[in-house]
């Protein structure tokens, strides 16, 4: 009887291993999935423009609203160098605030924040990339993207609809998370949900995509939410107008345009 039961368990374990090997063999290599998800989130088209409404609800239920325009230009053809320019229209006391990023592959990104009320330009250090973006639940790094080479990635699960990727930082001393899970849609490669975990296994932040649309042939995230599970606050970004391949000039992504906004492209 014991021998018979052991035989059954061996068969069960073997079937489980074969099943795991089957989904692993059917899935693309993990870095291919990660690269495609990064492309869909940040690199579609040669450049782009989006009008964004930000709605922040804090832990007491108080609400704040901001509006800004994002300009983006890719340099090269392999999702490497990229420049971002974010200009705030509302609220009135933040109008003219600018956040600008030069993304690099071989060194830390360059990030600037211009505060018109003080007429001050601040460099955002690499150590500050994972701090609140203008008082929201998104971090600076969430807005412009995290380099895919900064983490080790593992395909941990394949469901009917998603590839589930576990990512751990190569330099854990520079970030507040132990790891995060990305749920990547198998057909579109849109990363529809990201969960951030501490070392003890508790999830403390969650990003979720709430709306996706086809714009000029590009599958585009048009609404997403970031929630702070510790405080209960949340921030929703709604992309009201998105345009691709506008032929944006590279010179507007320079320091002189922090103070002198390129209004032709901001409307």
- In segment 93-115, what residues are in contact (Cβ under 8 Å) with a residue 40 or more places away in the chain, more than 17 Å from the chain's Cα centre (by Cα) and part of a loop (DSSP other than H, G, I, E, B)? 96
- Selection from segment 165-181 of residues in contact with a helix residue (DSSP H, G or I) (Cβ under 8 Å, 6 or more places away or on another chain) and either closer than 18 Å to residue 229 by Cβ or surrounded by fewer than 19 Cβ atoms within 10 Å (Cβ to Cβ) (or both) yields 169, 170, 171, 174, 178
- From the list 184, 134, 143, which residue is within 21 Å of residue 229 (Cα to Cα) and either modelled with pLDDT of 95 or more or part of a helix (DSSP H, G or I) (or both)? 143
- Message: Conditions first: (1) in contact (Cβ under 8 Å) with a residue 40 or more places away in the chain; (2) in contact with a strand residue (DSSP E or B) (Cβ under 9 Å, 6 or more places away or on another chain). Residue 151 passes all but one, so which condition is the exception?
- Response: (1)
- Boolean, residue 214 is in contact (Cβ under 8 Å) with a residue 12 or more places away in the chain, within 27 Å of residue 83 (Cα to Cα) and in a strand (DSSP E or B): no
- Item | Residue check for residue 209: crowded, with 19+ Cβ neighbours inside 10 Å, at pLDDT 95 or above and under 24 Å from residue 82 (Cβ atoms) | no
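The values are calculated or read from the model by the stated rules, or taken from the named source; none is laboratory data. On a predicted model such as this, the values are computed, not experimentally measured, just so you know. Virtual Cβ from ideal backbone geometry, glycine too; neighbours counted across all protein chains shown.
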